[in-house]
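Colleague: Take a look at this one; I'll ask things after.
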Amino acid sequence: MNILILGGGGREHALAWAIRKHPACGRLFCAPGNGGIAAQAECLAIDPCAAADVVAQVRALAIDLVVIGPEAPLAAGVSDALAGAGVAVFGPSRAAARLETSKSFAKAVCDAAGAPTAAWARFDALEPARAHLAGRQPPFVIKADGLAAGKGVVVAAQRDEAEAALRDMLGGAFGTAGAAVVIEDFLPGEEASLFVLADGTDAVVLGSAQDHKRAFDGDRGPNTGGMGAYAPAPVMTAEVESRAMAEIVRPVLAEMVRRGTPYRGVLYAGLMIADGAPRLVEFNARLGDPEAQVLALQAGAGLFDAILAVTGGRLGDFRPDWSPRPALGVVMAARGYPGRYATGEPIGGLQAAASVPGVTIFHAGTRIEAGRIVSAGGRVLTVCATADTLAEARDRAYAAVDRIDWPGGFCRRDIGWRALGS
Ligand code: AMP
Ligand code: GLY
């Protein structure tokens, strides 16, 4: 079977690594890919959001299945275009992906489904939004309604900070993504992510993970796409997981069917858990990055069996058969990320790092220049390890990080602290 992965980050490298291990994998392509993905797949220089170009490549290269990694092609309707052309695709339709691309849509679906989430209100003008804020107590949670590359959420302790966020968003700082805002109540608790496979009717848990969104140790500094992750998340006990499925995920999937837009793909439920009760923070219509990297390390080729169960409509019979062996990933980013950073810096020591037992290195922002790997993005590598215990996985991952020779890079040194206590 010939397969095309859309995207070019660490998540897509993890997908390529897992799919390449599967006996059903024939030719493997990735668009656009990156310097690390080139070891597993043939990289295609096409825009993954250009639906017509993707369909043309699929025909030209006799591709049987397309796996969509990031949200942008989903929002651009690439899944719909492929399905319309009769091509098997893993990734929800544009209408179903609204669970991620519109925060107010996701909240409205939760309300219709009776799924617990923070109380909310949507505004498209500043004065009514400010008036609403005046009646609330801090902390304030302000969100751009549309896709804002993970930067559209402000949790403000002070009223003036919240008002500034409203002014920025409604004033166009995020373009059309901020044409409307959602103001919601602050949810206390511990955050964790649940990844669920869905084929419209059936739903099966793929795994759980915890991310680290702030740039610096101690959860300080600006929000990022994610600086490290580990799986499983200890806070996601069997009881919390079954409550999340029964109270949030299944009712929401049923509501999507009722609306005539069944959800097919992987649904990422970001949950806040307090006293054993999960509440929804947000949905994403895809695997997380860097969460996919640790899930792939746990599942190996089994991750592709899971994808095939969804695209083949066989999810009802599918149960993950991999062990939930702990895995942990540390993101190495270019100094300055998530702000301005340099690119084109050579990265050495990758082979020595990968030789640490249990370690796999996924590339996010790299390219090959004159035969060498150089940095080409903000998040550049995810250094992952698996072991019998999470503590050992962490030690292995950091031993590998310490072998990487890249003076222009940085990482958090405390990935896993919630589970490991240090
Ligand atoms: P989101 O993009 O919606 O996941 O928001 C980004 C981050 O902001 C989340 O991962 C949470 O840490 C935080 N956050 C979002 N909404 C809330 C909320 N209602 N209460 C507390 N924290 C929140
Ligand atoms: N790591 C968070 C995300 O992928 O949205």
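Colleague: Would you say GLY316 is over 30 Å from VAL359 (Cβ atoms) and either within 16 Å of ligand 1 (Cβ to nearest atom) or touching a residue at least 24 places away in the same chain (Cβ under 8 Å) (or both)?
Modeller: Numbers: over 30 Å from VAL359 (Cβ atoms): yes; either within 16 Å of ligand 1 (Cβ to nearest atom) or touching a residue at least 24 places away in the same chain (Cβ under 8 Å) (or both): yes.
Against the criterion (over 30 Å from VAL359 (Cβ atoms) and either within 16 Å of ligand 1 (Cβ to nearest atom) or touching a residue at least 24 places away in the same chain (Cβ under 8 Å) (or both)), GLY316 qualifies.
Per-residue answers, yes or no, for (1) acidic (Asp, Glu); (2) modelled with pLDDT under 95; (3) touching a His at 6+ places or on another chain (Cβ under 8 Å):
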site	(1), (2), (3)
ALA108	no, no, no
ALA113	no, no, no
ARG130	no, yes, no
ASP145	yes, yes, no
GLY152	no, yes, no
ALA156	no, yes, no
ALA165	no, yes, no
GLY172	no, yes, no
GLY178	no, yes, no
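Colleague: Taking the options ALA177, ALA209, name whichever one is within 16 Å of ligand 2 (Cβ to nearest atom), under 30 Å from ALA88 (Cβ atoms) and among the hydrophobic types (A, V, I, L, M, F, W, C).
Modeller: Going through ALA177, ALA209 in turn, the sole match is ALA209.
Colleague: When the stretch 34-48 is examined, which residues are found to be farther than 18 Å from SER79 by Cβ, out of contact with any Lys or Arg (no Cβ under 9 Å at 6 or more places or on another chain) and surrounded by 24 or more Cβ atoms within 10 Å (Cβ to Cβ)?
Modeller: GLY36, ILE37
Colleague: Give me the strands (runs of 3 or more DSSP E) completely within the stretch 273-383, filtered to those with at least 1 residues that are over 20 Å from ARG413 (Cα atoms) and more than 16 Å from ligand 2 (Cβ to nearest atom), ordered by residue number. Steps first, answer last, please.
Modeller: Details: elements: 277-284, 327-334, 359-363, 366-369, 372-375.
It comes to 277-284, 366-369, 372-375.
Colleague: For the subset of the stretch 174-199 comprising residues that are more than 10 Å from ligand 1 (Cβ to nearest atom), buried (at least 16 other Cβ atoms within 10 Å of the Cβ) and not aliphatic (A, V, I, L, M), which member is nearest to GLY265 (Cα to Cα)?
Modeller: This residue is ASP199.
Colleague: With the checklist (1) closer than 20 Å to CYS384 by Cα; (2) modelled with pLDDT of 95 or more; (3) away from ligand 1 (no atom under 14 Å from the Cβ) in hand, flag the one item ALA229 doesn't pass.
Modeller: Checking ALA229 against (1) closer than 20 Å to CYS384 by Cα; (2) modelled with pLDDT of 95 or more; (3) away from ligand 1 (no atom under 14 Å from the Cβ), the one that fails is (3).
Colleague: Follow-up. Inspect the stretch 274-296 for any residue being out of contact with any Lys or Arg (no Cβ under 6 Å at 6 or more places or on another chain), modelled with pLDDT of 95 or more, within 16 Å of ligand 1 (Cβ to nearest atom) and among the polar types (S, T, N, Q) and give the result as yes or no.
Modeller: Within the stretch 274-296, one or more residues are out of contact with any Lys or Arg (no Cβ under 6 Å at 6 or more places or on another chain), modelled with pLDDT of 95 or more, within 16 Å of ligand 1 (Cβ to nearest atom) and among the polar types (S, T, N, Q).
Colleague: Kindly list, by first and then second residue, each pair from a residue in the stretch 9-31 that is closer than 14 Å to GLU291 by Cβ and more than 16 Å from ligand 1 (Cβ to nearest atom) to a residue that is in a loop (DSSP other than H, G, I, E, B) and charged (D, E, K, R), limited to pairs with Cβ atoms under 6 Å and residues at least 6 apart or on different chains.
Modeller: Note: pairs meeting the criteria are GLY9/ASP289; GLY10/ASP289; ARG11/ASP289.
Colleague: Answer yes or no: is there a residue in the stretch 247-257 that is free of Cβ contacts under 8 Å to residues at least 12 places away in the same chain, away from ligand 2 (no atom under 16 Å from the Cβ) and surrounded by fewer than 16 Cβ atoms within 10 Å (Cβ to Cβ).
Modeller: no
Colleague: Now for a different question. What are the residue pairs meeting all of these: first residue in the stretch 344-370, first residue at positive phi, second residue of a type outside the set (D, E, K, R), Cβ atoms under 6 Å, and 6 or more apart or on different chains?
Modeller: Within 6 Å, the pairs are GLY344/VAL374; GLY349/ILE404; GLY358/ALA385; GLY358/THR386; GLY358/ALA387.
Colleague: Here's something else I'd like to know. Looking at VAL204, VAL257 in this structure, which one is touching a strand residue (DSSP E or B) at 6+ places or on another chain (Cβ under 6 Å) and not in a loop (DSSP other than H, G, I, E, B)?
Modeller: Working: VAL257 fails: touching a strand residue (DSSP E or B) at 6+ places or on another chain (Cβ under 6 Å).
Matching residue, one of VAL204, VAL257: VAL204.
Colleague: When the residues of the stretch 216-231 are filtered to those that are assigned to a strand (DSSP E or B) and surrounded by fewer than 20 Cβ atoms within 10 Å (Cβ to Cβ), which remaining residue is nearest to ligand 2 (Cβ to nearest atom)?
Modeller: So, considering only residues that are assigned to a strand (DSSP E or B) and surrounded by fewer than 20 Cβ atoms within 10 Å (Cβ to Cβ), the one nearest to ligand 2 (Cβ to nearest atom) is ASN223.
Colleague: Go over the candidates ALA31, ALA51, ALA129, ALA112 one by one and state the one that is over 30 Å from LEU381 (Cα atoms), of a type in the set (A, V, I, L, M) and surrounded by 16 or more Cβ atoms within 10 Å (Cβ to Cβ).
Modeller: None of the other options fit; the residue is ALA129.
The values are calculated or read from the model by the stated rules, or taken from the named source; none is laboratory data. Since the model is a prediction, treat every value here as computed from it, not as a measurement. All Cβ positions, glycine included, derive from the backbone under ideal geometry; neighbour counts span all protein chains shown.
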